[in-house]
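In what follows, a structure is listed as structure tokens, so that the remarks can point back to it.
The values are calculated or read from the model by the stated rules, or taken from the named source; none is laboratory data. Computed from a prediction, not measured in an experiment: that's the story for all the values here. Positions of Cβ are generated from backbone atoms using ideal geometry, with glycine treated the same way; all protein chains shown enter the neighbour counts. For accessibility, only protein heavy atoms count, side chains too; no ligands or nucleic acids. Shrake-Rupley method; radii C 1.70, N 1.55, O 1.52, S 1.80 Å.
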Amino acid sequence: MMKTFYIETFGCQMNAHDSEKVIGTLLTEGYSQVETPEQAELVLYNTCSIRDKAEQKVFHRLQQFKKDHGKGKVFGVLGCVAQQEGEKIFEKAPHVSLVAGSASYTKLPQMLVQLERGDRRVTGLSLDTADTFETPFTRRDNPHRAYITIIEGCDKACAYCVVPFTRGPERSRTSESVLREARELASKGYTDIQLLGQNVNSYHDPSPAGWRFARLLRAVGELDGIKRVRFTTSHPRDFVKDIIDAIDDNPVLCNHVHLPVQSGSSAILERMQRLYTRDEYMRRIDWMKSARRTISITTDVIVGFPGETESDFQDTLTLLDQVEYDSIFCFKYSKRPNTSALALEDHISEEEKTRRLAVLQEKQRAIQIRRNSELVGTVEEAMIEGFNRATGQWIGRTSQNRTLNFTHPLYGSLEENVSLIGKYLDVRVTRAGPNSLAGEAIN
Ligand code: 5AD
Ligand code: SF4
């Protein structure tokens, strides 16, 4: 009987956390996890289809292990590519026996039974669900930081985006169930919580309490034992000032907001169906800039969206100067199945997209060097995540989500001091680079 599994995860934090819940479910069903696909009887890929490249990676992986099919392995494709491609995957990769999207994970135990009795075309593809995926046991990767899903799916219709098709309609969990999970995590020693959703700002408690996001954020921040709370991802349209007020009122709520802008041109934002203009976006930035603590702001940008002129692109560059982000993720536009942007003429060459991406990254690099260097001489609290043997530095993360590598006057190596991981220490910043800070612990 097949009872070992291997899982590889692609994509965003939602996917990483889905995998933690899938692993919890499999362990509960009597499976044990192994480290390589070769050792496993059940091989799972939890996939991402946000851009074409991410999707290609998955099919490449499936081809790699095709030859193992005869040896009794069972292959399953989970996540966004599964939902998007559906039963077509059985044609493209006939050795696959399970295709299931995230909206069907509550049915995983039944799907496992079907696989165990030898079914070779098991699917979970319905998006018509009111369920969220809650598990009695979640196998968490990190002993100090934990993800909690508060809302699944997405009701927006951004012209470039597959997510509404791969993760289905928005479903919020009750505030009671979110708080129960957070309390349980705190009692197990977790101190850092990240609230997750495709659009956490449109959280709407389905119970009579009817809480909106800022209320839930405040409540999680007030729990005993919780030292840091982050949230991702935010949509500017639903981002209200109450969220900034909550951050202002409680230092446990991290002073970092990831607010994807996608473009600095209102004309392109309209074509993208983002539901805000540049000015409306900037109003949210102004709220953050007038907060009591300095809020670190990060974003996502797409270059080369259909119809993006040189002048639209310049608008994105001036936006970077105006906002002064601490970090950005930028992507070349990639055509995705089912999306409305497919109907727009995509006349921008790959070379031009590559050029715009490079110009954007170069500008942002200069901004980051400047912003990070302003922190030299300050003291930042770092949560310790690990130790880098090559450099002899501890690896920390600040509340603003910057990486802060540092030395400790007493604890110079990992062997003696594993217990430092998960602790919070004050660190004086002595050097700054574009992507990280370096310093020395002062306590
Ligand atoms: N092409 C390029 N980038 C995309 N993103 C989403 N869809 C696409 C696409 N079709 C980017 C957006 C989003 C991030 C997660 O991925 O910037 O915020
Ligand atoms: Fe990828 Fe988006 Fe799916 Fe996350 S939700 S795995 S980013 S396609």
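Here the accessible area of the chain is 50 percent carbon and sulfur, with a 1.4 angstrom probe and all protein chains present. With contacts taken as Cα pairs under 8 Å and at least 6 residues apart, the chain reaches a relative contact order of 10 percent. In percent, rounded to a whole number, the relative contact order of region 312-443 is 23, using alpha-carbon pairs under 8 Å and six or more apart. Roughly how far apart, in whole Å, are the Cα centres of region 328-390 and region 32-68? Taking the Cα centre of region 32-68 as reference, the centre of region 328-390 is 27 Å away. Of the peptides 72-80, 376-384, 225-233, the ranking by mean beta-carbon count within 10 Å, highest at the top, reads 72-80, 225-233, 376-384. With the charge dipole of region 349-443 set up from +1 on Lys and Arg Cβ and -1 on Asp and Glu Cβ about the Cα centre, the Cα lying farthest toward the positive end among the listed residues A366, A441, G412 is that of A366.
K66 contributes about 100 Å² of solvent-accessible surface, heavy atoms of the protein only, 1.4 Å probe. Between S202, T316, F305, the Cα set farthest toward the positive side of the dipole of the chain (charges on each charged residue's Cβ, about the Cα centre) is that of F305.
On the beta carbon distance between E280 and D426, with R0 = 45 Å, the FRET formula returns roughly 0.70. As a check on your grasp of the helix formula, calculate [θ] at 222 nm for the chain: sum -39500 (n - 2.57) over DSSP H runs of n ≥ 4, divide by the residue count, round to the nearest 500. Calculated from helices alone, the mean residue ellipticity at 222 nm is -9500 deg cm²/dmol. Extending 7 Å from the Cα toward the beta-carbon at both L127 and A390 defines two label points whose distance is 4.2 nm. A full extension of the chain between E116 and E38 corresponds to an added length of 26.2 nm, given 0.36 nm per residue minus the alpha carbon distance. For the chain, the alpha-carbon coordinates run over 63, 59, 51 Å along the three principal axes, in decreasing order. In this structure region 306-370 gives 50 Å² per residue of accessible area when probed at 1.4 Å with all protein chains present.
Normalised by the number of residues in region 135-239, the average gap of Cα pairs under 8 Å and 6 or more apart makes the relative contact order 30 percent.
Simple point charges give the picture: +1 on the Cβ of Lys and Arg, -1 on the Cβ of Asp and Glu, and for the chain a dipole about the Cα centre of about 460 debye.
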